[in-house]
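Here the structure comes first, spelled out in structure tokens, and everything after it is commentary.
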Amino acid sequence: MASSTSSRAASGRTLVAGRVLGIDPGLGVTGYAIVEPSSRGPYVLEAGVIRPKGGSDASMAARLRVLHEGIMDVLETFAPSALALEQIHSHVSHPRTSILMAHARGVIVLSAGLHDTPVFGYAPTRIKKTLTGSGRAPKEQMQHAIRVELGLEVVPEPHDVADACAVALCHYQIARNMRALEGY
């Protein structure tokens, strides 16, 4: 890891400065990616999915419990200094989807709160614009940006992991730019 400092959260845990947990929330599959700085730029320390047994056949309570336990485990293991989360986007013809996603997002935010990890939300268009320069970038352009920025040979699979990488990279770049401006 590049030279970074650590800070102690109110809980007494040491948070690793610059380390970001990016999450693509879902009730069936939640993608996550831990991105941190290095001398060569950002890199993925860990990435994966949290998936309840039984998938969409599991009860809402069971899916949310698995999500909570999975996020808590990632937070305890990697102690990121920030959690970046895609904001809920809704479509007028599918309001139920955004309501269901709010359940998952609430559990994720609660888990971060229990670990004193600050949460940052980004709209999908902001994520795309930060990584590609266009808020309407197609999926292929996003995949290319993720692969290049993280120095990967292939785009992470499944797409939930790639989306989590994009959210983490978005926060990483915005935070880096903010630090640069503060030091200006």
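The values are calculated or read from the model by the stated rules, or taken from the named source; none is laboratory data. The shown structure was predicted, so the numbers you read here are calculated from the model rather than taken from an experiment. Please note: Cβ atoms are built from the backbone with ideal geometry, for glycine as well, and neighbour counts cover all protein chains shown.
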Practice task
Identify all residues within the range 38-59 that are at pLDDT below 95 and crowded, with 20+ Cβ neighbours inside 10 Å; write none if there are none.
Solution key: Pro52
Completion exercise
When Gly151 is run through (1) loosely packed, with under 13 Cβ neighbours inside 10 Å; (2) out of contact with any Gly (no Cβ under 8 Å at 6 or more places or on another chain), the failure sits at (2)
Fill in the blank from the handout: Quick count over the range 154-184, residues being among the small types (Gly, Ala, Ser) and surrounded by fewer than 12 Cβ atoms within 10 Å (Cβ to Cβ), is 2
Exercise for the section: Go through the range 20-47 and count every residue that is under 13 Å from Asp163 (Cβ atoms), of a type outside the set (A, V, I, L, M, F, W, C) and in contact with a strand residue (DSSP E or B) (Cβ under 7 Å, 6 or more places away or on another chain). Expected result: 6
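Listed residues Asp73, Asp24; which is surrounded by 17 or more Cβ atoms within 10 Å (Cβ to Cβ), acidic (Asp, Glu) and modelled with pLDDT of 95 or more?
Asp24 is the lone residue from the list that is surrounded by 17 or more Cβ atoms within 10 Å (Cβ to Cβ), acidic (Asp, Glu) and modelled with pLDDT of 95 or more.
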Problem - Candidate set: the range 149-184, residues that are free of Cβ contacts under 8 Å to residues at least 60 places away in the same chain, hydrophobic (A, V, I, L, M, F, W, C) and part of a helix (DSSP H, G or I); chosen: the one farthest from Glu36 (Cα to Cα) - result: Leu181
Fill in the blank from the handout: Reported set for the range 94-148 where residues are without any contact (Cβ under 8 Å) to a residue 40 or more places away in the chain, under 30 Å from Ser59 (Cβ atoms), more than 15 Å from the chain's Cα centre (by Cα) and surrounded by 15 or more Cβ atoms within 10 Å (Cβ to Cβ) is none
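I'd like the full set of residues that are of a type outside the set (D, E, K, R) and outside any helix (DSSP H, G or I), limited to the range 93-120.
Ser93, His94, His115, Thr117, Pro118, Val119, Phe120
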